[in-house]
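The structure appears right after this line, and notes come after that.
The values are calculated or read from the model by the stated rules, or taken from the named source; none is laboratory data. Since this is a predicted model, take the numbers as computed values, not measurements. Positions of Cβ are generated from backbone atoms using ideal geometry, with glycine treated the same way; all protein chains shown enter the neighbour counts. Accessible surface areas use protein heavy atoms only, side chains included; no ligands, DNA or RNA. Shrake-Rupley method; radii C 1.70, N 1.55, O 1.52, S 1.80 Å.
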Amino acid sequence: YYEFAQMKHSSRAASNYLADVTADGQLRWRKKEVTFNIQSFLSDPNLNTYVFILKQAMHTWMQACDALPVFTEVKDPSNADLRILIGNKQTPAECWTTGVCAYDSEAGELKRVFLKLTPVSLESWFSLCKHEIGHALGLNG
């Protein structure tokens, strides 16, 4: 959690997605392949289903972006550009948060992104994953 806490949070509110997405200096991945790793500290009988749906949301974004970037899973989280943690709420401050995106960037280029996702229900999980992956791709509205 230390690395995650040290990153900048992409939670600023905006009223115009299009203006944010096309603004100069917007964060972007500059490479074609983004590696990812999923870790879980969740004790839930639906964990495999949550992971499957998360990967479906990533695939949906790849289709929408003409496969740029391509998400490729890696076993070692230290080698991942995108580190995803599925877990329970840990602190009182997280009681209203189901998804958090933090990132490390340099000159507008995303270098490493951390997502922390907390399942609320299977019904809302796909929407939550799509939303947070959008932040991981640089959409910060």
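Backbone N atoms of the range 33-70 closer than 17 Å to the 7 Å Cα→Cβ label point of residue 121 belong to residues 46, 50. Using a probe of 1.4 angstrom and keeping all protein chains present, the accessible surface of the range 102-141 works out to 37 square angstrom per residue.
Annotation: extensible slack from residue 111 through residue 66 equals 14.1 nm (criterion: 0.36 nm per residue apart, minus Cα-Cα distance). For residue 29, the residues whose amide H sits under 5 Å from its own are 110, ignoring neighbours fewer than 5 places away on the same chain, with H placed 1.01 Å from N.
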